[in-house]
1. If R0 is 30 Å, what FRET efficiency do you get for Asp90 and Ser46 from their C-beta distance, rounded to 0.05?
2. As a footprinting exposure proxy, order Val63, Val122 by other Cβ within 10 Å, with the fewest listed first.
3. In region 31-126, which trypsin sites (Lys or Arg not before Pro) fall in coil by DSSP and have 13 or fewer other Cβ atoms within 10 Å?
4. Could you pull the Rg and Dmax for region 25-81, using just the Cα atoms, both in Å?
5. For region 14-121, compute Rg over Rh where Rg is the Cα radius of gyration and Rh is the Kirkwood radius from the inverse mean 1/r over Cα pairs.
6. On full extension of the chain, what length is gained from Glu23 through Ala112, given 0.36 nm per residue of separation minus the C-alpha to C-alpha distance?
Amino acid sequence: MAAEAIVVRPKISADAFEAGVSEKVDRLIAVYGASGLAALLGASRSQPTRWRAGHERPARPTVQRLLALDFLTSRLAEVFTARQTEVWLDSPNPYLGGAAPARVFIQFGGSAVEPAISAVEVGAVV
């Protein structure tokens with residue numbers, strides 16, 4: 001019988017978690033604006049600024065979407081300016097069946113936008 005590996009994951013303190021979320025919210029507000037970020041996350045318009053200020057904590061599903069959006073935004077930042085990212089998100093995309101990446105992200109999450117981002121990364125015109 002093979003021995004099973006035991007994986008020990010360090011616990012993240014609430015303060016460290018809050019700092020990480022706040023940093024990501026700051027970065028995403030800089031790209032999309034507070035109301036744009038709220039729309040992408042399915043939150044009310046005022047929530048991103050409340051999260052950033054520490055007055056409120058996003059719910060777990062919102063944190064997951066926030067992390068996915070932060071990751072996608074980081075990837076896009078390697079090939080686009082912030083303004084180009086904004087335009088790209090709102091434009092029809094052939095890799096997404098003609099849908100705008102922002103709409104696909106809102107409806108299906110970050111993994112559904114992956115084909116279009118991968119195309120951008122390899123230099124496809126989208």
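All of the numbers you see were taken from the coordinates with simple rules; none came from a lab. Remember, it's a predicted structure, so these values are computed and weren't measured experimentally. Heads up, the Cβs are rebuilt from the backbone with ideal geometry, glycines too, and the neighbour counts pull from every protein chain shown.
1. Efficiency, rounded to the nearest 0.05: 0.85.
2. Fewest-to-most ranking of Val63, Val122: Val122, Val63.
3. Hits after loop and neighbour filter: Arg45.
4. 10.9, 34
5. 0.97
6. Working it through step by step, the gained length comes to 29.6 nm.
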